[in-house]
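A.B. asks: My questions will all concern the structure given below.
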Amino acid sequence: MPHDQIAVTRSSMPSIEELIAEIEPLWESRWLTNMGEKHQELEKALRERCGVDEVCLFINGHAALECAFEVLGLGSDSRRQVITTPFTFASTTHAISRTGLEPVFADIKPDDYTIDPAQIEAAITEETCAIVPVHVYGNLCDVDAIADIAQRHHLKVVYDAAHAFGVERAGIPCACYGDLSMFSFHATKVFNTIEGGALCFSDPALKMKIDQWKNFGIVDPETIAYIGTNLKMNEFCAAMGLCNLRHLDEEIEKRKRATERYWDNLSGIAGIKLSMPPADIKSNYAYMPVLFENDFPVSRDEVFVALAEEGIGARKYFYPLISDLACYRDHHDSSSTPIARDVSSRILTLPLFADLSLTDVDRICCVIAKLGRIGRRR
Ligand SMILES: *Cc1c(COP(=O)(O)O)cnc(C)c1O
């Protein structure tokens with residue numbers, strides 16, 4: 001008998017009444033985009049939430065990342081290399097490449113899968129201009145070591161914080177690290193505006209430039225200062241964000257409950273490695289990564305198939321490694337980042353969203369526990 005399907009993710013939404021109340025004024029104002037009231041309100045709410053002086057909203061996180069590189073002027077001198085991780089979503093590397101920069105991959109740490117500062121240091125050349133680390137799965141990078149390296153080598157740091165909205169260390173929100181942090185508010189992320197993204201930073205000089213950049217470079221009706229582009233978040237997306245933000249803490253709490261149930265169920269199984277945040281980290285429980293080690297009786301791919309047969313969606317997140325993708329592999333060699341390559345072949349992210357029931361978590365863990373005991377029945 002086929003069980004009910006369990007998706008790997010499910011978008012958070014406010015009640016329809018709450019959303020309608022939020023968008024209703026738009027029928028009066030007829031102001032649908034161009035940094036309207038909802039856009040301003042959401043930027044203000046996010047400045048408070050993220051503990052930063054400046055927030056700029058975007059149509060999506062990827063556009064925000066490209067914009068960050070452009071307004072920082074990366075590549076405008078002879079330095080075009082950007083050190084980043086191959087263990088991420090394609091967006092990170094695409095943004096680097098699409099803005100005329102060259103991604104240089106540094107390996108990750110085996111404990112939390114974030115970029116290894118020692119490997120960053122080893123990859124620095126005369127041509128390095130920036131570091132683009134990723135708080136992968138919401139795991140905070142080694143921000144202190146990275147800040148130290150950047151300062152000693154005069155490099156910019158732009159964090160891809162797409163997974164990390166709501167993450168804090170010792171009470172300091174993750175948006176406070178680096179020159180800029182990019183967040184994605186895509187439908188599948190912990191906090192969503194349907195599609196959307198933001199740059200968070202503290203340099204007030206950048207705010208006006210970015211606001212102009214995302215609006216064609218328009219300074220005033222008769223002055224266009226830059227060959228800018230159009231990346232503005234519209235009022236409906238901002239309104240969705242205002243609603244979802246009200247429920248964020250509650251949603252993270254529910255994700256926490258599901259995650260802890262996974263940990264309880266899976267931590268006793270030999271050959272399974274879980275990723276738990278250090279004590280000073282307030283996690284956002286964005287993903288549920290599970291790594292299958294050598295002593296687990298079956299491979300990651302076999303677990304993936306067994307779950308799929310039970311109607312359970314899991315994702316090989318991130319596989320293939322970016323440096324093995326068709327659009328990068330001719331110029332990169334994944335054997336230079338052996339830890340990332342190994343993790344990529346062993347990791348699976350299990351279903352996780354606020355409304356995932358504990359019963360469903362138990363059902364998923366049962367399938368995995370069974371494989372752990374007897375191997376895959378053939
Ligand atoms: C989602 C994501 C992005 C891109 O964000 P969009 O809002 O979808 O454009 C970038 N980097 C990482 C690591 C992501 O997961």
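A.B. asks: Taking N as the number of residues in segment 233-378, what is its Cα Rg relative to 2.2 N^0.38 Å? Working shown, then result.
C.D. replies: Working: Rg = 17.7 Å, N = 146, 2.2 N^0.38 = 14.6 Å.
Taking N as the residue count of segment 233-378, the ratio is 1.21.
A.B. asks: Accessible area of Val8, 1.4 Å probe, to the nearest 10 Å²?
C.D. replies: 40 Å²
A.B. asks: What Rg and what Dmax come out for segment 189-263 when only alpha-carbon atoms are used, in angstroms?
C.D. replies: For segment 189-263, the Cα radius of gyration and maximum Cα-Cα distance read 17.6, 59 Å.
A.B. asks: Still on this structure: When you take every Cα atom in segment 81-232, what is the radius of gyration, and what is Dmax, the widest Cα pair distance, in Å?
C.D. replies: 16.0, 54
A.B. asks: Another one. Please list, in order along segment 277-294, the HN-Hα scalar couplings obtained from phi with the Karplus expression 6.51 cos²θ - 1.76 cosθ + 1.60 (θ = phi - 60°), rounded to whole Hz, x for Gly and Pro.
C.D. replies: Once θ is set to phi - 60°, the couplings for segment 277-294 become x, x, 4, 8, 9, 9, 7, 9, 6, 6, 9, 10, x, 10, 10, 9, 7, 4 Hz.
A.B. asks: Which peptide among 232-240, 211-219, 271-279, 102-110 comes first, and what is the full order, when sorted by highest mean count of other Cβ atoms within 10 Å?
C.D. replies: 232-240, 102-110, 211-219, 271-279
A.B. asks: If you wrap a convex hull around the Cα atoms of segment 156-206, how much volume per residue is inside, in Å³? Could the numbers behind the result be given before it?
C.D. replies: Working: hull volume 4.1 nm³, N = 51.
Roughly 80 Å³ of hull volume per residue.
A.B. asks: Please quote Rg/Rh for segment 311-378 to two decimal places, taking the Kirkwood radius as Rh and restricting both calculations to Cα atoms.
C.D. replies: On the way: Rg = 16.0 Å, Rh = 14.4 Å.
Rounded to two decimals, Rg/Rh equals 1.11.
A.B. asks: Give the residue from Leu371, Ala354, Leu274 lying farthest towards the positive end of the charge dipole for the chain; charges sit on Cβ (+1 for Lys and Arg, -1 for Asp and Glu) and the dipole is referred to the Cα centre.
C.D. replies: Leu371
A.B. asks: List the residue ranges in the chain for DSSP H helices whose C-alpha atoms run 20 angstrom or more along the long axis and whose Kyte-Doolittle average is -0.5 or above.
C.D. replies: Values: long enough: 248-266 (27 Å, -1.83); 358-374 (24 Å, 0.90).
Within the chain the helices that satisfy the rule are 358-374.
A.B. asks: Name the residues whose placed amide hydrogens come within less than 5 Å of the amide hydrogen of Ile108, ignoring near sequence neighbours (fewer than 5 apart) on the same chain.
C.D. replies: Amide H neighbours of Ile108: Asp116, Ile339, Ala340.
A.B. asks: Per DSSP H run of at least 4 residues, take -39500 (n - 2.57); add these up for the chain, divide by its residues and hand me the 222 nm value, nearest 500 deg cm²/dmol.
C.D. replies: On the way: 13 runs with 142 residues, N = 378.
Calculated at 222 nm, the ellipticity per residue is -11500 deg cm²/dmol.
A.B. asks: Now, a different point. I'd like the projected area of segment 230-295, averaged over all directions, using the convex hull of its alpha carbons. Report it in nm² with one decimal. Write down the numbers at each step before the final one.
C.D. replies: Working: hull surface 29.1 nm².
So the Cα hull casts an average projection of 7.3 nm².
A.B. asks: Where does each of Arg47, Arg10, Arg98 land when they are ordered by accessible area, with a 1.4 Å probe and the largest first? Mind dumping the intermediate values first?
C.D. replies: Details: Arg47 75, Arg10 135, Arg98 170 Å².
These residues rank, largest area first, as Arg98, Arg10, Arg47.
A.B. asks: Mean-square fluctuation check for the chain, GNM, Cα pairs under 10 Å: which of Thr359, Thr193, Thr93 is largest?
C.D. replies: For the chain, modelled as a Gaussian network with Cα springs under 10 Å, the answer is Thr359.
A.B. asks: Of Gln5, Met240, Pro110, which is farthest towards the positive pole of the chain's charge dipole, taken about the Cα centre with +1 and -1 on the beta-carbons of Lys, Arg and Asp, Glu respectively?
C.D. replies: So the residue we want is Gln5.
A.B. asks: Quick one: which residues, 5+ away or cross-chain, put their amide H under 5 Å from the amide H of Phe216? H built at 1.01 Å from N.
C.D. replies: Under 5 Å from the amide H of Phe216: Thr229, Asn230, Leu231.
A.B. asks: A further question on this structure: Can you compute the equivalent ellipsoid semi-axes for segment 118-201, i.e. the square root of 5 times each eigenvalue of the Cα gyration tensor, sorted largest first and rounded to whole Å?
C.D. replies: Values: eigenvalues 122, 36, 22 Å².
Taking √(5λ) for each Cα gyration eigenvalue gives 25, 13, 11 Å.
A.B. asks: Checking a compactness column here: for segment 283-330, what do you get for Rg(Cα) / (2.2 N^0.38 Å), N being the number of residues?
C.D. replies: So the Cα radius of gyration is 1.41 times the expected 2.2 N^0.38 Å.
A.B. asks: Starting from one equal scatterer on each C-alpha and no solvent at all, send me the Debye-based log10 I(q)/I(0) for segment 62-117 at q = 0.17, 0.18, 0.21, 0.31 Å⁻¹, two decimals.
C.D. replies: These q points yield log10 I(q)/I(0) values of -0.55, -0.61, -0.78, -1.22.
A.B. asks: Which of the lysines could a cross-linker bridge to Lys109, judged by Cα under 30 Å and excluding same-chain residues fewer than eight apart?
C.D. replies: Within the straight-line cut-off, Lys109 pairs with Lys156, Lys189, Lys254, Lys256, Lys273, Lys282, Lys316, Lys370.
A.B. asks: While we're on this one: Restricting things to alpha carbons, tell me how big the chain is in terms of Rg and Dmax, in Å.
C.D. replies: 21.3, 72
A.B. asks: In whole Å, what is the distance between the alpha-carbon centres of segment 161-215 and segment 51-78?
C.D. replies: Cα centres, segment 161-215 to segment 51-78: 10 Å.
The values are calculated or read from the model by the stated rules, or taken from the named source; none is laboratory data. Since the structure is predicted, the reported quantities are computational estimates derived from the model, not experimental observations. With ideal geometry, Cβ positions are generated from the backbone for all residues, glycine too; neighbour counts draw on all protein chains shown. Ligands, DNA and RNA are excluded from the accessible area calculation, which covers all protein heavy atoms including side chains. Shrake-Rupley method; radii C 1.70, N 1.55, O 1.52, S 1.80 Å.
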